[in-house]
Each structure stands twice: as structure tokens, then as C-alpha cells.
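The values are calculated or read from the model by the stated rules, or taken from the named source; none is laboratory data. Just so it is clear, the model here is predicted, and its values are computed rather than measured. All Cβ positions, even for glycine, are placed from backbone atoms using ideal geometry, and neighbour counts span all protein chains on display. Side chains are part of the model used for accessible areas, which takes the heavy atoms of the whole protein and leaves out ligands, DNA and RNA. Shrake-Rupley method; radii C 1.70, N 1.55, O 1.52, S 1.80 Å.
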Amino acid sequence: MSAAIQSIEAILVDIPTIRPHKLSMTTMGVQTMVIVRIKDSAGLEGLGEATTIGGLAYGPESPESVKLTIDTYFKPLLIDQPADAINTLRVRLNCAVRGNNLAKSAIETALLDMQGKRLSRPLCDLLGGALHQHIPVLWTLASGDTEKDIEEAHSILAQNRHRDFKLKIGSRALMDDVRHVAAIKEAVGDRASVRVDVNQAWDEATAVKGMAELQAAGIDLVEQPTPMKDFAALVRLSKKFHIPILADESVADAKDMFALAAAGFSGAVAMKIAKAGGPARALEQAMVAQASGIGLYGGTLLEGTIGSAASLHAWSTLETLHWGTEMFGPLLMRDDIVVTPLNFHDNGVDLPSGPGLGVEIDEDKLTHYRRK
Ligand code: MUC
Ligand code: MG
């Protein structure tokens, strides 16, 4: 008899960021994570995380709505069900609940963590096994101030902590953004790859001008320049420029990936376990991208250690991550709620070892940071 799911808890956790993090749609001073704890009748616990950026500023699920979705709608569907029947549970949730992929991702992660602990295997082994133990990670410079960003870049390069930088642009006038980006690229020179994320802020005409300027400034990649649903613009831009485009908000899951590729897009995709509905779902998207000749990049919604570890287990199974990853979320937060933080070094991070995610909650820290 399989163990049954006995309890599911969704906990809101607020941790301040190390500095303001400025994106085109919001400036973050705190990150709110939803930590999910599932317990089964054999006494095992699985951990998951659903995190987004800026409440409802980034996407249609907020941390508070994720908690409500899990507490009100998921629990009755999952309690007393066999805890190891992960595919059955996914189909059960999908039949009853449309969308809500962030909440679904936290549940899939927790069930996989629990299954790994049950089998005494790391989560990546449930996905076919890791091909990499050390995974490249970039850093996002987004203080909102050019000089501060340059200082931050120099200090990070000196520590050998990251070698690729992503700049968040789109909230200022185009040429102000171009000057900001060009100054940073000039300051780091060939020591670092510099990319930008526009987070949908430009219309197509602005994107045409912006991409020409960024190409001339030596920028390597432009992420989501135009609105997410405007597939045709993304396709036209990808045909017009040598500088590749990274599709982020436009592509949540395997179906989106297929549609964009079929429309003629070339470039790369930012996979995120949260957008796809879980680590295994994100890998489905990776297969479609690979079959379409689209480059892979491990993306984040600025998750803490639990969500980042889940993502790393998935990305570790992919032969080539053409653009590396951005699993730096834990470093953007002032503190952590796990016993042993991830080990960031040499422009990347180590895949955590041990059963499941390989991550353990620090109960005192969780009590301290959980929303009262
Ligand atoms: C995004 O849109 O890519 C990832 C890194 C970062 O700074 O913001 C996120 C979201
Ligand atoms: Mg992005």
C-alpha cells in the first residue's frame, strides 16, 4: 500500500532583498515566497516553492492567490491520495483546475522531493539523472543606477562569482536605457557577457531601434523585448537581427514553445519551472525547443533556495544549456530559510546532493520570516 498524502501547508515567507531590484514593471525591496510542505502517512515530507515577482506586477498569480488556490482547491483533490502517483495527481489537478501553474509547480516539486526521499535518490535521478554537477549562473544588475551597477559588476567579477550579466531595462526612455547598457558593457569589456531583459516594455518600432542600438553596443542577447502575446513581432525581430532574442513571458510551457517555433521564431527560451507547472513540465518544453533548434536557458522567477534547487535538478539533466542559467535568486535575498544554502562559486552553483531536493528547512528561520 502506498503512503497517502496527509497534510499540505502553504506558507507565505517575506525576505528583504539585498538592494532594490528594478525591473520594467516594478521595483522589489522584498521577495515573497510560498513554501509548500506536503506530509504523507509514512512520515515523509516533500518541499516545494511557488514564487513570483512584485505581487501581481509580473503575472496573474500572486503569492497570496497561490496560497488560496492550494488551501481551497488543491487540498481536497490531493489529501488521502497515494503520494507516489505523481502523474495521476497532476492529471487530477489539471482536470479540476485551469492554469495556476505556479501553484502546480510547487506541488509537483514537493511530490518529487518526497519521492526522492522515499527512494533515497536525488530529484534529478527521477528525471533520468544529472549530466552536470556545476551549473553556470549569471547575475542581474538592476539597482537602477549605472554607477552602482558598474561597481557591483566589478566586485562580482573580482570574486569570480559570475561572468555573465543581465540588465533590466524598459522603464526609461529608450536612449537612456541604451546609454546605461553601453556604459556597463564598456566597463566590463570582454570579461563578461552582457544581456538585457526588457520584460515586454517596448512596442515593435521601439524594439527595432533598440535592438539595432544594443547590437552595436556589443550586447549578446535581448530578452522579451515586446509584449508576451505578440508572437508575430518576436518572429519578425528574430529574423531581422543577428543579436538573438530570448523568449521569456511569451513561452510558459511546451505548447507555447511549439506555437512560437512553428511561427518561425529562432533564438532561445527562458525555461522556468513555475511557468511550466513544475520541473518535469519544464523539461517537456526543453524537448520541444531542442527539436526546433531553439537554445535553452534556465530561468527564474527569483525563487529562494527550494525553488532554485528544484530548477537546478531539472536543468542538470539537459545536455546543453546554451545560455546557462539565472538561478541566483537566493543571493538576492538577505537571508535564507534552509539549513545549508546553495554553494555559488566559479561562475555557477553546485547541484545539491542528498535525497530529493537535497535541501532542509531551518525551522527557526522559517518561524522568523513567515508572515504572521
Ligand atoms: C525575468 O523576467 O526574467 C529573472 C531574473 C531577474 O532579475 O528577474 C527575473 C525575471
Ligand atoms: Mg525575463
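Couple of notes before you dig in:
- For the residues K240, K272, a 1.4 Å probe over the protein chains yields an accessible-area ranking, largest first, of K240, K272.
- Listed peptides 291-298, 89-96, 195-202, 77-84 appear in the order 195-202, 291-298, 77-84, 89-96 once ranked by packing, highest mean of other Cβ atoms within 10 Å at the front.
- Computing FRET efficiency as 1/(1 + (r/R0)^6) for E204 and L77, where r is the C-beta to C-beta distance and R0 is 51 Å, gives about 0.75.
- Amide hydrogen neighbours beyond the local backbone of G267, cut-off 5 Å, H modeled: G295
- Straight-distance candidates among the aspartates and glutamates for linking to K75, with alpha-carbon spacing under 15 Å and chain neighbours fewer than 8 residues away dropped: E9, D40, E108.
- Accessible-area order (highest first, 1.4 angstrom probe) of the listed residues F231, F265: F231, F265
- For the stretch 185-329, diffusion coefficient by Stokes-Einstein and Kirkwood Rh (Cα), 10 °C, 1.306 mPa s, µm²/s: 104 µm²/s
- Over the chain, volume per residue of the alpha carbon convex hull, in Å³: 123 Å³
- Portion, in percent, of the accessible area of the chain that falls on carbon or sulfur, probe 1.4 Å: 52 percent
- Å² per residue, accessible surface of the stretch 152-232 at 1.4 Å: 41 Å²
- Filter on K67/K168; K22/K209; K185/K272; K22/K255; K168/K365 - keep pairs with C-alpha separation over 25 Å: K67/K168; K185/K272; K22/K255; K168/K365
- Scalar couplings 3J(HN,Hα) for the stretch 160-172, obtained by applying the Karplus form with A = 6.51, B = -1.76, C = 1.60 to θ = phi - 60°, are 6, 7, 9, 10, 10, 10, 10, 10, 8, 10, x, 8, 9 Hz; x denotes Gly and Pro.
- For R370, no residue whose modelled amide H falls within less than 5 Å of its own remains once neighbours fewer than 5 places apart on the same chain are excluded.
- Each residue of the stretch 50-63 was assigned a 3J(HN,Hα) from its phi angle through the Karplus expression (A = 6.51, B = -1.76, C = 1.60, θ = phi - 60°), giving 10, 9, 10, 10, x, x, 9, 6, 8, x, x, 10, 9, x Hz with x at Gly and Pro.
- Cα centroid of the stretch 1-45 to Cα centroid of the stretch 317-357, whole Å: 16 Å
- Helix-only arithmetic for the chain: the sum of -39500 (n - 2.57) across DSSP H runs with n ≥ 4, divided by the residue total, places the mean residue ellipticity at 222 nm at -11000 deg cm²/dmol.
- Restricting the calculation to alpha carbons of the stretch 27-152 gives Rg and Dmax of 17.7, 56 angstrom.
- Helix 86-96 and the long axis of the chain differ in direction by around 80°, with both axes built from C-alpha atoms.
- Directionally averaged shadow of the stretch 255-372, computed from the convex hull of its alpha-carbon atoms, nm²: 8.3 nm²
- For the stretch 331-372, accessible area per residue (1.4 Å probe, heavy atoms of protein chains only), Å²: 54 Å²
- Taken as Cα centroids, the stretch 95-139 and the stretch 62-85 sit 17 Å apart, rounded to the nearest whole angstrom.
- Bridge orientation summary for the chain: considering DSSP beta bridges with both residues in this region, about 55 percent are antiparallel.
- Against the chain, whose longest principal axis comes from its Cα atoms, helix 204-216 is set at around 70 degrees.
- Rounded to the nearest 20 debye, the dipole magnitude of the chain is 600 debye, with +1 charges on Lys and Arg beta carbons, -1 on Asp and Glu beta carbons, and the Cα centre as origin.
- Rounded accessible area per residue of the stretch 23-149, 1.4 Å, Å²: 40 Å²
- Amide H contacts of D197 (H built 1.01 Å from N, under 5 Å, at least 5 apart or other chain): L167, K168, I169, E223
- Folded to 0 to 90 degrees: helix 231-240 orientation relative to the chain principal axis, Cα: 40 degrees
- Where R19, R179, R371 fall by accessible area, highest first, once all protein chains stay in place (1.4 Å): R179, R371, R19
- The stretch 299-313 and the stretch 184-237 have their alpha-carbon centroids 25 Å apart.
- 10 Å binning of all Cα-Cα separations within the stretch 99-224, expressed as whole percents from 0 upward: 11, 32, 22, 22, 11, 1
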